[in-house]
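Structure first, commentary second.
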Amino acid sequence: MTIYPISAPSTDELLYETEILKEVCRTCETLHLERQYQGKYVHEQVNERFRAMFEVMTAVHHMEISILSGRLDWERALQELAVLLPQFAWLGCKVEKRKHNRQCYYIEFVPIVYKPQGFPFDIQLKASIQQQLFYSTEEAVKALCSQIEQLLVEKELWMSEEVSISETKLFSSKKIKNDAPPISQETASMENQLLVCREEIKRTAYSKERMRIANEKLELLIEKLEQTIVDCGISYLKQPEEGENTSHYLRISLREYAYLKQKAKDLEKLWLCNKDLLKKAEELTAKNESRYKKKEIEQLREMIFESDIYLVIEECRAIDTRAVINQSPWFRQPYVKLMQGDYRSLLSKAAYFDLLQGENYFLRKLIYEQESEAV
């Protein structure tokens with residue numbers, strides 16, 4: 001049960017509704033008589049005051065009561081709430097049916113507060129609760145919600161579907177109700193706990209289904225990204241070498257240099273992992289092999305000798321000796337002066353790293369699918 005300082009949302013089923021200005025004026029008149037306000041109650045003045053207020057602002061509040069299973073006896077609930085909170089102008093009641101047999105009841109009201117000075121009536125939620133139930137201003141709303149929940153349980157204002165169906169059958173067949181023994185409080189509490197557990201199980205299953213769908217979408221996104229990386233690596237490695245001066249120095253950022261060099265250093269490990277995965281995936285169908293463009297990757301693999309892979313570490317060390325690193329230049333980001341030939345070498349190794357990484361991703365996926373089908 002929750003209270004919101006706004007109007008209730010629109011629903012398909014409207015149970016009860018009354019005019020806001022008329023009900024507010026009637027509540028103010030009743031409050032005036034109970035407070036024994038000195039002087040005559042001027043209906044026209046109160047009517048004009050609240051009419052002008054409602055044209056400028058929305059003073060309607062609403063409380064939301066969620067029923068996990070069953071229905072709320074809303075007519076009795078409104079009567080009990082009117083007794084508990086006589087300074088609230090009760091405007092209407094709506095119901096919204098949700099999934100898993102849940103029902104949400106919206107009860108709209110306007111909280112009236114009495115003021116001894118100035119205009120005697122105003123609209124304030126916490127002050128109105130404090131005048132009626134004597135709670136502190138800070139805990140007024142929370143304490144009221146707890147008291148209303150307790151009231152609904154004590155007065156048995158909500159009924160489960162099983163009870164309502166059984167009552168309908170009893171009325172239709174005109175049987176005597178006194179034959180059945182009364183249900184104890186322990187049995188009713190156990191039934192409530194069972195309903196709560198069933199609702200939690202439904203929520204858990206729904207959350208798992210949403211998680212499964214989200215994982216599938218994420219897997220498709222990762223697959224598209226890996227395919228894009230493989231395509232970029234293939235297109236870069238297939239580019240013809242331009243006859244430029246390889247001894248010409250370039251200036252790149254230190255972050256890019258460290259990123260390319262790290263990929264080049266990890267290329268040997270990725271190469272060995274790729275060989276193991278290829279051995280496991282030898283028996284895959286041609287349809288699955290085409291998913292990651294294996295023929296194009298094999299053509300590029302033939303262009304690179306295995307000895308070149310094992311010499312990557314030594315080549316990276318030689319590039320380090322020729323590179324000029326400036327980590328703290330004045331008013332600039334750290335940069336590296338690198339020979340154009342070394343820079344192209346690092347780019348090609350990084351592209352080949354991306355190519356193998358994408359191929360390994362698809363190989364692992366194909367191996368997993370094959371093992372799942374075998375099981």
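The values are calculated or read from the model by the stated rules, or taken from the named source; none is laboratory data. Predicted, not measured: the structure shown is a model, and the values here were computed from it. Glycine also receives a Cβ, built like all others from the backbone with ideal geometry; neighbour counts cover every protein chain displayed. Areas reflect the complete protein model, heavy atoms only, side chains present, ligands, DNA and RNA absent. Shrake-Rupley method; radii C 1.70, N 1.55, O 1.52, S 1.80 Å.
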With the cut-off at 1.5 for a/c, could you classify region 1-128 from its C-alpha gyration tensor as rounded, prolate or oblate? prolate
Using a 1.4 Å probe on heavy atoms of the protein chains only, the accessible area for Lys349 in Å², nearest 10, reads 30
Estimated inter-spin distance, Ile222 and Ile6, nm [label 7 Å along Cα→Cβ]: 3.8
His248 accessible area, assembled protein chains, probe 1.4 Å, Å²: 100
Expressed in square angstrom to the nearest 10, the accessible area of Ile201 with a 1.4 Å probe stands at 110
Between Lys97 and His43, what is 0.36 nm times their sequence separation minus the Cα-Cα distance? Round to one decimal in nm. 15.5 nm
Once fully extended, how much extra length lies between Tyr259 and Phe134, figured as 0.36 nm per residue of separation less the alpha-carbon to alpha-carbon distance? 38.3 nm
Quick one: order Ile3, Ile325, Ile20 from most to least accessible surface, probe 1.4 Å. Ile325, Ile20, Ile3
Listed peptides 42-48, 114-120 by packing density, highest first (mean Cβ within 10 Å): 42-48, 114-120
Could you tell me which residue out of Ile107, Thr137, Gln87 lies farthest along the dipole of region 60-141 toward its positive end? Charges go on the beta carbon: Lys and Arg +1, Asp and Glu -1, centred on the Cα centre. Ile107
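Report in % the part of the accessible area of region 1-130 that belongs to carbon and sulfur, leaving out ligands and nucleic acids; probe 1.4 Å.
On the way: 3310 of 7120 Å².
C and S fraction of accessible area: 47 percent.
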In range of the label at Lys142: residues from region 1-36 whose backbone nitrogen is under 19 Å from the point 7 Å along Cα→Cβ: 1-5
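Where only protein heavy atoms count, and the probe is 1.4 Å, what is the accessible area per residue for region 39-159 in Å²?
On a per-residue basis, region 39-159 sits at 52 Å².
Taking 26 Å as the cut-off for C-alpha to C-alpha distance, list the pairs among Lys224/Lys269; Lys94/Lys155; Lys269/Lys337; Lys217/Lys279; Lys275/Lys365; Lys224/Lys275 that go past it. Kindly include the intermediate steps, with their values, before the conclusion.
Details: Lys224/Lys269 24 Å; Lys94/Lys155 21 Å; Lys269/Lys337 28 Å; Lys217/Lys279 30 Å; Lys275/Lys365 16 Å; Lys224/Lys275 23 Å.
Those over the limit are Lys269/Lys337; Lys217/Lys279.
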